[in-house]
1. I'm trying to understand the selection: among the residues of region 75-102, which are among the small types (Gly, Ala, Ser) and within 19 Å of the chain's Cα centre (by Cα)?
2. May I ask you to list the residues in region 92-105 that are surrounded by 19 or more Cβ atoms within 10 Å (Cβ to Cβ) and over 16 Å from LYS67 (Cβ atoms)?
3. All but one of (1) under 25 Å from SER136 (Cα atoms); (2) over 20 Å from the mean Cα position of the chain (by Cα); (3) acidic (Asp, Glu) hold for GLU317, so report the exception by its number.
4. Of the residues that sit in region 62-74 and are of a type in the set (A, V, I, L, M, F, W, C) and more than 21 Å from GLY104 (Cβ to Cβ), which one is farthest from the chain's Cα centre (by Cα)?
5. Mind checking which residues of region 4-29 are in contact with a strand residue (DSSP E or B) (Cβ under 6 Å, 6 or more places away or on another chain) and under 20 Å from ALA134 (Cβ atoms)?
6. Which of the residues spanning region 1-34 are of a type in the set (S, T, N, Q) and assigned to a helix (DSSP H, G or I)?
7. Output the residue which, of all residues in region 106-134 that are assigned to a loop (DSSP other than H, G, I, E, B) and in contact (Cβ under 8 Å) with a residue 60 or more places away in the chain, is surrounded by the fewest Cβ atoms within 10 Å (Cβ to Cβ).
8. Just checking, which of LEU193, LEU209, LEU229 is modelled with pLDDT of 95 or more and touching a Pro at 6+ places or on another chain (Cβ under 6 Å)?
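The values are calculated or read from the model by the stated rules, or taken from the named source; none is laboratory data. What you are looking at is a predicted structure, and each value in this text was computed from that prediction instead of being measured. All Cβ positions, even for glycine, are placed from backbone atoms using ideal geometry, and neighbour counts span all protein chains on display.
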Amino acid sequence: MKVLVIGPSVTRALGGMAVVIRGIRESELLNREFEIDIFPSCVDGNLALRLGYSVLGYFRFLLCYRKYDLFHINTAEKGSTFRKNFYLKKIKKAGKKAIIHIHGAKYLAFYDCLGDRGKRIVDGFFHRADLVLALSENWRWELESRFHTGTCRTLNNGVDPAEFAGADTDVWERRNHFLMMGRLGERKGVYDLIEAMEIALAENPELTLCLAGDGEVERVRALVAQKNLEGHILVHGWAGRQEKLELLKNAGTLVLPSYYEGLPMAVLEGMAAGRAIISTTAGAIPEVVGKENGILLRPGDVPALARALLRCSSDREMLRIMSEKNRERAEQVFSIRRMHEQLAGYYRQVAGGDGQHADGPVKESYEE
């Protein structure tokens, strides 16, 4: 079975969707059974670059799509959905099978704010797909309650525990050091975290925080400087794969105080590295983090966030238990192998059978 995975470039785009697609590209399990090619439909950059690449990407798609049996379309909210709708229409007109994989953290809020015409377009997008994949069981239920397709299933993101084994150090030795990974901005709660650090430092001046991500980097740096917190808060910017391991190794707790989320890769990576977790009840996070392996807060509760920072810097037994539970949970429930086994089952299901097994992995790419 020839599968085309469509989504943001794995080399020229940041974020969780690109990480998921990279994992599919590198999966021995999936590539043993399916001929998988990756098709980059968009890249990060300024508006002109993004728009130009997206338009050219669609024309490149028109030149190659007929040779594939199944299409795995990764999408988020807003323009991502409207662009991918053109792909899906062409795929279904050709009588081929398609899965849409919903990643956007604010997808339901985006849909609810649309006018009648926009909702009709998105409704059609969901109903054309042969299968809809949601990042969590609660999100699956929410999507099904909006769109009533009967085809929505759950596919949790996955992480490779072996990749993060080198970052698994003694969390107690790093108890005063915190790490946030993700796009810096209001949605991820970075400004709440800076305010919470300011509160917590009054009680424990040994605390440090590293902010690793793209987004509003300069605005965040300016705020840290304005508050005279440069000695305690490092605005690192985006971290590549190797940098990420070093940052996790040097932190005792991963913090992600988001307002909106899907199933954030940062939390799964923190768990795989054996870090404690402080996060919020946004999105699928409560399906991943519970009392035994982390601290959950309401989004925007800055005093509670400050207390959580102080607790993780002082409770040795709690940190030990969280570290152990997170390693176990990443391995047993949220491993990338488990994710890919489930995804392979969905590919077979949509194709109506096991399909033809490829002799080996195919890594054709349409990157420019």
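1. ALA76, GLY79, SER80
2. ILE99, ILE100, HIS101, ILE102, HIS103, GLY104, ALA105 - these are the residues of region 92-105 that are surrounded by 19 or more Cβ atoms within 10 Å (Cβ to Cβ) and over 16 Å from LYS67 (Cβ atoms).
3. With respect to (1) under 25 Å from SER136 (Cα atoms); (2) over 20 Å from the mean Cα position of the chain (by Cα); (3) acidic (Asp, Glu), GLU317 is out only on (1).
4. LEU63
5. Within region 4-29, VAL5, ILE6, GLY7, PRO8, MET17, ALA18, ILE21, ILE24 qualify.
6. Across region 1-34, the qualifying residue is only ASN31.
7. Within region 106-134, the match that is surrounded by the fewest Cβ atoms within 10 Å (Cβ to Cβ) is LYS106.
8. None of the other options fit; the residue is LEU193.
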